[in-house]
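Visitor: Dropping the structure in here first, questions after.
The numbers here are math on the coordinates, done by the rules we state, and not lab data. Note that the structure is predicted; figures quoted are calculated from it, not measured. When we count neighbours, we look across all protein chains shown, and the Cβ atoms used for this are built from the backbone with ideal geometry, even at glycine.
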Amino acid sequence: MSAVSSVRVGRVSLLVRRRAVVVSLVLAALVVVALVFALWLGRPYVAPVDVLRSLSGAGTPYDVVVQRLRLPRAVLAVAVGVLFGVAGALIQSVARNSLASPDIIGITQGAGLAATIALTSGAAAAVIAPSALAGGLAAAALVLLLGARHGLAAKRFVLAGVAVAIALRALTEIVMLTAEPIDGQRAHIWLVGTLAGRGWTETAWLTGTLVVLLPALLWAGWSLRTSSLDDDTARGLGTRPVARRVGLAAAGVLLAAMVTAQVGAVDFVALVAPQVARRLVRAERPPLVAAGLAGALLVVLADLIGRLLFAPTQLPAGVVTAAIGGPYLLFLLVRRKS
């Protein structure tokens with residue numbers, strides 16, 4: 001049995017890896033199971049039958065807990081994970097480096113600096129997310145500008161991102177140290193990344209972003225087949241490798257900047273999820289759909305663990321993902337020979 005199948009849609013013929021489809025279906029099922037646990041577990045405990053009755057509109061004493069507190073937060077966790085997973089897959093494919101992710105190459109730090117300035121300057125709450133989005137995109141533009149000087153070479157792109165990230169993190173610390181203590185604390189909470197207090201509004205923004213970028217993501221899924229080739233080989237196939245990499249990177253950074261603007265810096269999801277998906281699918285590059293689903297599963301579980309581990313005190317999802325991603329990053333660094 002062939003590992004690759006051809007699917008024809010009209011005049012377009014697509015090659016589909018069967019293992020990728022199976023892995024994606026399994027990950028999707030696990031995300032659904034994780035969502036059920038997210039609605040079920042916590043204080044107060046809600047029995048599964050009451051969860052189902054509440055979701056069906058039958059009415060239970062737990063409607064407020066399920067429909068207004070847990071369901072919006074759980075759905076937001078899925079949206080955050082999907083966008084981070086896809087963004088990480090795009091950026092790692094362009095960089096051709098499993099260590100590249102938005103929180104490594106400066107996008108998260110750019111959003112964090114802009115949000116910190118807004119939070120510590122007395123700006124209205126409605127300004128925080130647009131400021132963070134603008135900061136993330138500005139940082140990404142700087143990284144792309146520095147990295148594209150010689151054809152967006154993979155190593156140059158990653159090193160430029162690391163340098164920009166370090167500089168922006170230092171500026172963020174300076175802003176926080178010179179701000180009023182209460183404003184600095186607000187900025188610190190935002191920088192950690194949390195889903196608490198957020199819900200349908202943020203989900204709508206992220207879902208809208210995904211829908212708007214869907215044509216670009218479909219193009220990205222096709223373009224990634226040649227993104228790992230050297231420039232001479234890619235040009236021989238009739239493609240424009242530099243323009244294609246810039247386009248893929250731009251799509252990835254826009255997704256990462258938007259999700260960071262809405263929920264803060266939930267670190268390491270964009271680093272871990274694509275590599276988990278790549279290993280499960282056994283592919284040369286991170287598959288977009290599986291990476292998004294792996295990210296969704298990671299964020300839902302991280303938020304659930306954060307709610308339960310030290311209840312009633314809640315750990316931000318960013319703390320839990322950092323606790324997972326930090327050791328994983330060390331594993332990658334130790335495992336790689338270069």
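Visitor: For the chain, what does the helix formula give at 222 nm: sum of -39500 (n - 2.57) over DSSP H segments with n ≥ 4, over the residue count, nearest 500 deg cm²/dmol? Write out the running numbers ahead of the final one.
Guide: Numbers: 14 runs with 240 residues, N = 338.
The helix-only estimate for the chain comes to -24000 deg cm²/dmol at 222 nm.
Visitor: Using Cα springs under 10 Å in a Gaussian network model of the chain, which residue among Thr321, Thr201, Thr209 shows the largest mean-square fluctuation?
Guide: Thr201
Visitor: Is the C-alpha gyration tensor of the stretch 247-322 telling us rounded, prolate or oblate? Criteria: a/c under 1.5 is rounded; beyond that, a/b larger than b/c is prolate, otherwise oblate.
Guide: oblate
Visitor: To continue, here is another question. Going by average Cβ neighbours within 10 Å, how do the peptides 283-294, 106-117, 174-185 rank, with the highest at the top?
Guide: Those peptides, ordered most packed to least, come out 106-117, 283-294, 174-185.
Visitor: I'd like the projected area of the chain, averaged over all directions, using the convex hull of its alpha carbons. Report it in nm² with one decimal.
Guide: The number I arrive at for the chain is 19.7 nm².
Visitor: Moving to a separate point now. Pick from Val212, Val164, Val276: which is most flexible by mean-square fluctuation in a GNM of the chain where alpha carbon atoms under 10 Å apart are linked?
Guide: Of the options given, Val212 has the highest mean-square fluctuation.
Visitor: Neighbour counts of other C-beta atoms within 10 Å: give me Ile104, Ile189, Ile91 arranged from fewest to most. Present the calculation step by step, with values, prior to reporting the outcome.
Guide: Details: Ile104 24, Ile189 15, Ile91 32.
Placing the least packed residue first, the sequence is Ile189, Ile104, Ile91.
Visitor: Next question. Calculate the FRET efficiency for Ala58 and His188 from the Cβ-Cβ distance with a Förster distance of 45 Å, rounded to the nearest 0.05.
Guide: FRET efficiency, Ala58 to His188: 0.60.
Visitor: Two decimals is fine: what's Rg over Rh for the stretch 70-196, C-alpha atoms, Kirkwood radius as Rh?
Guide: 1.01
Visitor: Please give me the summed charge of the neighbours of Leu195: other residues whose Cβ is under 10 Å from its Cβ, Lys and Arg +1, Asp and Glu -1.
Guide: Here the count lands on +1.
Visitor: What number comes out for the charge environment of Val253, summing +1 per Lys or Arg and -1 per Asp or Glu over other residues with Cβ under 14 Å away?
Guide: Neighbourhood net charge equals 0.
Visitor: Most mobile of Val22, Val299, Val49 per a Gaussian network model of the chain (Cα springs, under 10 Å)?
Guide: Highest fluctuation among the options: Val49.
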